[in-house]
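The values are calculated or read from the model by the stated rules, or taken from the named source; none is laboratory data. Values in this document were obtained by computation on a predicted structure and should not be read as measured data. In this analysis, Cβ positions are derived from the backbone assuming ideal geometry, glycine residues included, and neighbour counts consider all displayed protein chains.
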Amino acid sequence: MMRFLFVVVMSLAVLSGCELFGGGGGGTGGGAGGGGGTVSFQKGFTFARKDDRNVYVANESDYSTVAVLTQSGDVRTPSFNKQGTRIVFVRGSGMTAEIATVATAGGAVSTVLASTAQANNFKTPVFSPDGAQIAFSYTDGTSTSLGLVNADGTNFRKLIGGSALAYASPAWTNDGSAVLAAAGNVGLALTQVERIDVTTGMPTSVTNTLGNEAQGITGRLVVSPDGLRAAFDGQVSSGVTRLFVLDLSTKAVVKVNEYPADPTANDSFPCWVSASVLAFSSDSGGNDSIYQKNADGSGGVTLLVPKAIEPWFGSQL
């Protein structure tokens, strides 16, 4: 493991012109990572790292080799478009936050939307299924709302918000007609899931309960590839976060994982690898890594990518 991390650091130093994590917003062109080679992305993960907060990709064929696509740092929650050719993410926070994109193959970073006094603190941007729009949450006065913007940065508009409910973590339905979102009374935990029509902005309640253990959605809500379930990370009574899966038909909630020998571990930011398998980041054992497990909670946990947080799985195939 130490040799692996040494190669990662040395590769990043070369890519950054010996200014390890500094530099501007331009991409690195898909440079080498942990394995010392290049990544020609086809299928796998984009993610961030806690120590430098840049955008990375790793191919399923060799998760030990990664490519870093940004140099500016301060990146959060990268996610692919459906075609696996572009990644959207938040750079900065609060009034400095912006929504930006970069090609999976590397290159220049493009700013899609910058903060204003009326819309800032962007979070969890996600592409629509056709790649034409980006949904995200943002701070709007004293609450959080959902916004939409075209992928080229035009036509920013509020989808929903500014009422008694706060909204976060939009997740597109597979046909692109609506987003699911976490919701809750302003200033309180996000204990509800709503479906919002992207044409009319009209909300419909999906559920106002998260099962017997989850007390609020904390990081991400995401719809399964078959559209039948939604996964989310939820805080439990001990204060840690665990993964849960909501059946969108029956409204039943299943907890995906538990750690009897490591009760302070946190699982967060789930994403779907397939209709039956989830990937997620976990700090179990004191290390931040990407793991996967069956979405129904069966079977064991498999380590996929070490030193990685906030994963999103995608494919060009």
Strands (runs of 3 or more DSSP E) enclosed by the range 196-254 - at least 3 residues per element that are at pLDDT 95 or above and buried (at least 19 other Cβ atoms within 10 Å of the Cβ): 217-223, 229-235, 241-247
Test: residue in the range 261-273 that is part of a loop (DSSP other than H, G, I, E, B) and among the acidic types (Asp, Glu): yes
Count of residues meeting criterion [under 19 Å from the mean Cα position of the chain (by Cα) and of a type in the set (Lys, Arg)] in the range 250-308: 2
Close pairs from the range 117-131: first under 13 Å from Ser93 (Cβ atoms) and of a type in the set (Asp, Glu), partner at pLDDT 95 or above and crowded, with 20+ Cβ neighbours inside 10 Å, Cβ under 7 Å, at least 6 apart: none
Test: residue in the range 292-301 that is over 19 Å from Thr77 (Cβ atoms) and part of a strand (DSSP E or B): yes
Condition broken by Trp272, with the remaining ones in (1) in contact with a Pro (Cβ under 6 Å, 6 or more places away or on another chain); (2) over 16 Å from Gln292 (Cα atoms); (3) not aliphatic (A, V, I, L, M) satisfied: (2)
Failed criterion for Gly84 (all others in (1) closer than 18 Å to Glu310 by Cα; (2) surrounded by fewer than 16 Cβ atoms within 10 Å (Cβ to Cβ); (3) small (Gly, Ala, Ser); (4) touching a residue at least 60 places away in the same chain (Cβ under 8 Å) hold): (2)
Within the range 167-191, considering residues that are part of a strand (DSSP E or B) and over 19 Å from the mean Cα position of the chain (by Cα), the one surrounded by the most Cβ atoms within 10 Å (Cβ to Cβ): Gly184
Residue in the range 263-288 that is nearest to Gly299 (Cα to Cα), counting only those that are of a type outside the set (Gly, Ala, Ser) and loosely packed, with under 14 Cβ neighbours inside 10 Å: Pro263
